[in-house]
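The values are calculated or read from the model by the stated rules, or taken from the named source; none is laboratory data. Model, not experiment: these values are computed from the prediction. Note that each Cβ is placed from the backbone with ideal geometry, even for glycine, and that neighbours are counted across all protein chains shown. Ligands, DNA and RNA are excluded from the accessible area calculation, which covers all protein heavy atoms including side chains. Shrake-Rupley method; radii C 1.70, N 1.55, O 1.52, S 1.80 Å.
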Amino acid sequence: IPSPRWSFGSIAESRTSETVREDLTMNNPLFDMTGKVAVITGSTKGIGRSIAEEMARCGAKVVISSRKAEACEQVAAEFKAQGFEAMAVPCHVGKKADLQNLVDKTNEAWGSIDVLVCNAATNPVYGPTEEMTDDAWDKIMDTNVKGTFWLTNMVLPQMAEKGEGAVVLLSSIAGLRGNTVIGTYGVSKAAEAALARNLAVEWGPKGIRINSIAPGLIKTDFAKALWDDPVRAKQAEDKTPLRRIGDPVDIAGLAVFLSTKASAYITGQVIVADGGETIC
Ligand code: NAP
């Protein structure tokens, strides 16, 4: 697997994640997550996995979670083999009992939750809003919005008791613009950014920061239809000033930033990471 590309200013240099970790944690305590417990939903692949890996690299104990127990165990085992602290707790974010179990199992094992990343989401339909069925609408809203509402309500009170915590919600640039084919998904992602803003107002006085990330097109299975075909991939690259589709680690770096002291005065924001697509 080629190393992800990190661009700094006008100089695009190829840097491995290991190099980045050395820069961030060994030289700069602003990005240190040593001993912090981080729960990341949907972390067996794609953006969530990369967030979990980069947080673990910065010293966090990470909870690997998705609907599939076997996949969770496998990723946790791979992380432990790299020397990271990780555990697996399967959880469907659309099921309240699963979310409570995720919180309870984490607390039982590690005593607290310092960082929460609500990353798992679904988009089962592709087409105009007019053709959206009630069931599909409910599935998108229940998984992407209600699950986040449930999980944040379960975790924020215990963060408030400690007087600190960081929460990151995965929004999307689809939540910032209209779209003819993934409109309802975009509505759910706009709701997540709004939820982050509102929770930030409610919990800021308790020392908790809540932000959202709006990625552009990122190379994961979730968005495969948009980058797998070379013609569509070229179109996507051409409309992005950085002239490339994003890698999961491009989002993971931002999630680390938003979960550490480096972003201590940032809350309620939606941070766009899209290679510049939305500035055109
Ligand atoms: P991905 O590669 O498909 O990974 C999704 C992860 O979530 C997997 O671990 C999956 O594992 C898990 N998952 C799916 N449904 C779940 C559910 N109901 N409950 C619990 N876990 C679930 O997706 P991704 O591209 O990394 O997307 C992650 C986030 O980024 C999403 O919120 C998405 O909206 C956002 N985003 C992505 C892009 C992009 O271009 N990729 C752009 C903007 C925003 P299981 O299948 O085993 O459950």
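Annotation: PHE79 carries an accessible surface of approximately 0 Å², with a 1.4 Å probe and no ligand, DNA or RNA atoms counted.
Using the Cα centre of the chain as the reference point, and only Cβ charges (+1 on K/R, -1 on D/E), how large is the resulting charge dipole? Debye, rounded to the nearest 20. Approximately 260 debye in magnitude.
Each residue, GLN82 and ALA194, gets one label point 7 Å from its Cα in the Cβ direction; the gap between the two is 3.7 nm.
Projected label points at ASN153 and LEU30, each 7 Å from Cα along the beta carbon direction, are separated by 3.7 nanometres.
The Cα atoms of the chain give a gyration tensor whose axes a ≥ b ≥ c have a/c under 1.5, which makes the shape rounded. Mean sequence separation of contacting Cα pairs (under 8 Å, at least six apart), scaled by the length of the chain, corresponds to a relative contact order of 17 percent. Placing unit charges on the Cβ atoms of the charged side chains and taking the dipole of the chain about its Cα centre, the candidate lying farthest along the positive direction among ALA77, VAL272, ALA88 is VAL272. Averaged per residue, the chain has 48 square angstrom of accessible surface, using a 1.4 angstrom probe with ligands and nucleic acids left out. From most to least packed by mean Cβ count within 10 Å, the peptides 217-229, 51-63 give 51-63, 217-229. Measuring with a 1.4 angstrom probe and ignoring ligands and nucleic acids, ASP134 comes out at about 120 Å² accessible.
Using a 1.4 Å probe and ignoring any ligands, DNA or RNA, find the accessible area of VAL231 and quote it in Å² to the nearest 10. Approximately 90 Å² of VAL231 is accessible to the 1.4 Å probe. Considering the zone a paramagnetic label at ARG67 would reach in this model (a point 7 Å from Cα along the Cα-to-Cβ line), which residues of the stretch 191-225 have amide N under 16 Å from it? Taking a point 7 Å out along Cα→Cβ of ARG67, the residues of the stretch 191-225 whose backbone N falls under 16 Å are 221-223. With a length cut of 20 Å (Cα positions projected on each helix's long axis) and a Kyte-Doolittle mean of at least -0.5, go through the chain and give me the DSSP H helices that pass. Helix filter hits for the chain: 147-162, 183-203.
The alpha-carbon positions of the stretch 144-280 define a convex hull whose volume is 109 Å³ per residue.
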